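Notes to accompany the following structure.
The values are calculated or read from the model by the stated rules, or taken from the named source; none is laboratory data. What you are looking at is a predicted structure, and each value in this text was computed from that prediction instead of being measured. So basically every Cβ, Gly included, is an ideal-geometry build from the backbone, and we count neighbours across all protein chains shown.
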Amino acid sequence: MPVKDDRKVVHIGSNTIGSRKRADTSRQTPDEDSFKASPNSIAVIATPYSLQTLTQVVQESSILGQCIEAMIVNTASSGYMVVPTDPTKSIEDVDLLELETLTSFIRYANPNQGLTTVNELLKSDYETYGYSFREIIRARNGKVSNIRYAPAYNLRILSSSEGYVEVVKKVERGGVRSTVREHILFRRFVQELSSVGSNNVQLSNGRSRVYFKEFGDPRKMDYRNGRYETDQYTVETKYVATEILHERQKSPDAYGIPKWTAALPAILGTRESEEVNLDYFENNTVPPAMLTVSGGRLTQKSFESLQLLLSEPGQAKDRAHQMILVEAISESNGLEEDGNVTIKLEKLTDIRQSDGLFDKYETSAQSKVRSIFRLPPIVIGLDSGNYANANTSLHVAETQVFQPDRRRHDDFWNMNIVNHQDGLNLKSVKLQSLSMSVTESSEVIKSLATLNISGAVTPRKAVIVSRDLLGIDLAKYPEKDEEGYEDWMDQPLALSTRSTTENLPETSDRPSESSPEEKVKIQEETGNTPDPENSDK
């Protein structure tokens with residue numbers, strides 16, 4: 001019997017509607033990272049790197065942010081489509097209810113965000129910190145109702161201390177679903193926050209914590225203290241913890257290590273070199289010229305003015321074009337000796353840097369970071385040379401980097417949520433990321449022309465290609481059995497064009513056979529009257 005669904009949209013930070021406590025509500029409270037030493041210490045597993053440091057490195061790097069953004073845009077921002085789990089079937093053959101269910105999750109993963117937006121946030125954490133967290137929220141009937149992004153910055157893993165739990169799963173082998181029993185060690189997760197929200201339990205130090213259980217853990221857990229339900233301890237429905245699904249990059253660590261840490265010396269070195277260049281411009285380390293005085297001395301006023309110019313605080317660019325008047329008086333040993341004062345201005349531009357320091361070092365360091373992500377220059381805004389190089393670079397990046405990465409994350413979504421028995425438990429459909437088009441419009445048109453000669457292009461296929469690859473907004477043809485459908489819409493263009501030409505009315509461009517009277521009239525008008533002898537013949 002279907003369960004009546006009278007749910008309403010719940011805003012972030014609220015888990016009540018009127019006076020009724022919600023079950024399918026996020027337990028998160030957004031806050032900064034607050035895991036500090038406190039008397040309420042818990043068995044928190046430390047992250048392999050300081051997350052504050054990783055965040056600062058990404059923010060201050062002149063190359064790392066672009067690489068992470070390129071991975072997000074090309075792998076997580078393209079959106080999703082629903083496809084059959086069986087590759088031999090079409091989308092028309094899948095279960096209609098499952099199709100609508102998955103389509104609704106793509107549009108609204110939660111009341112505030114679509115699945116693409118959630119995936120972009122997850123991908124940002126995945127590339128920045130090496131892992132990401134999804135919060136899985138269930139309705140009172142136990143079904144997944146919302147999927148939210150959980151910030152990796154303020155969420156931690158607790159050490160396992162509860163032992164293994166037996167879990168019964170259904171797996172398909174050779175077309176037959178069989179039951180498998182596994183013993184799994186589930187983890188708990190915790191947020192420690194400096195502010196106290198409606199979902200949090202306050203500690204003696206003024207902070208608060210929220211606990212989560214791992215996705216798929218069949219036990220009930222209290223989100224206020226992390227305790228599991230037992231015969232002696234009952235967890236009320238309004239205090240049931242939500243679940244966390246952890247995705248991490250390959251590493252021996254419990255969390256995951258970002259791939260770019262291998263290039264950390266180059267990233268930090270580039271930042272230092274840029275700060276050296278900044279200091280050079282701010283302080284004008286090498287002056288443009290040197291003033292020398294021989295046979296005399298500067299007047300007291302000139303000396304003070306020169307000293308003020310060289311020592312006063314301020315940006316060197318503010319003093320770049322200032323002028324100063326210098327006066328000098330001679331020094332002689334007697335009245336009869338003439339003083340001879342010489343003031344020389346010697347240029348030092350030859351020993352000044354004409355360009356920034358460490359230019360080759362910075363270029364080499366950027367190449368190292370790009371090689372870690374396997375990204376060509378064009379996708380992060382750098383010059384790629386000519387058109388042929390740029391086009392080849394995009395093709396290689398799509399086939400060797402972006403497409404495999406999208407497939408890997410699609411498998412994670414499908415295996416753990418979409419088709420998992422503890423997730424949406426859909427059997428006939430799954431998610432598939434939309435691919436980025438790296439083919440030029442001219443190449444697409446040439447390919448269509450070639451395929452059309454062999455009879456492989458129909459009007460319907462031409463419209464689909466024009467909409468998806470060329471971005472031309474053409475009206476879609478009606479499907480078969482729909483109003484307005486005609487057979488030529490699904491016939492090769494060559495046959496459709498021939499059939500249309502054969503049915504055209506006769507025009508001046510296609511003259512018909514003239515009658516004898518019309519032939520005589522034409523001959524008289526043109527003066528081409530036939531010779532009588534020839535006519536008798």
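Of the residues that make up segment 165-172, is at least one modelled with pLDDT of 95 or more, of a type in the set (Val, Ile, Thr) and in contact with a strand residue (DSSP E or B) (Cβ under 7 Å, 6 or more places away or on another chain)? Within segment 165-172, none of the residues are modelled with pLDDT of 95 or more, of a type in the set (Val, Ile, Thr) and in contact with a strand residue (DSSP E or B) (Cβ under 7 Å, 6 or more places away or on another chain).
Of the residues contained in segment 373-396, none is found to be over 30 Å from residue 66 (Cβ atoms) and either modelled with pLDDT under 85 or surrounded by fewer than 19 Cβ atoms within 10 Å (Cβ to Cβ) (or both). Checked against the criteria, residue 115 counts as within 18 Å of residue 419 (Cα to Cα), hydrophobic (A, V, I, L, M, F, W, C) and within 15 Å of the chain's Cα centre (by Cα).
Looking across segment 70-82, the residues that are in contact (Cβ under 8 Å) with a residue 60 or more places away in the chain and surrounded by fewer than 19 Cβ atoms within 10 Å (Cβ to Cβ) come down to 78, 79, 81.
Residues in segment 173-201 that are at pLDDT below 75 and surrounded by 10 or more Cβ atoms within 10 Å (Cβ to Cβ): 9 in all.
When we screen 132, 124 for residues that are modelled with pLDDT of 95 or more, touching a Phe, Trp or Tyr at 6+ places or on another chain (Cβ under 6 Å) and small (Gly, Ala, Ser), the only hit is 132. For residue 77, the conditions (1) among the small types (Gly, Ala, Ser); (2) in a strand (DSSP E or B); (3) modelled with pLDDT under 95 all hold with the exception of (2). Would you tally the residues in segment 228-258 being within 15 Å of residue 124 (Cα to Cα) and basic (Lys, Arg)? Residues that pass the stated criteria total 1. Annotation note: Cβ proximity below 7 Å between a residue of segment 444-455 that is of a type outside the set (Phe, Trp, Tyr) and a residue that is part of a helix (DSSP H, G or I) (sequence gap 6+ or interchain) occurs for 444/465; 448/462; 448/465; 452/493; 452/494; 455/494.
Listed by first and then second residue, the pairs linking a residue in segment 170-186 that is part of a loop (DSSP other than H, G, I, E, B) to a residue that is of a type in the set (D, E, K, R), with Cβ atoms under 8 Å apart and 6 or more places separating them unless they lie on different chains, are 186/162; 186/213; 186/214; 186/217; 186/219.
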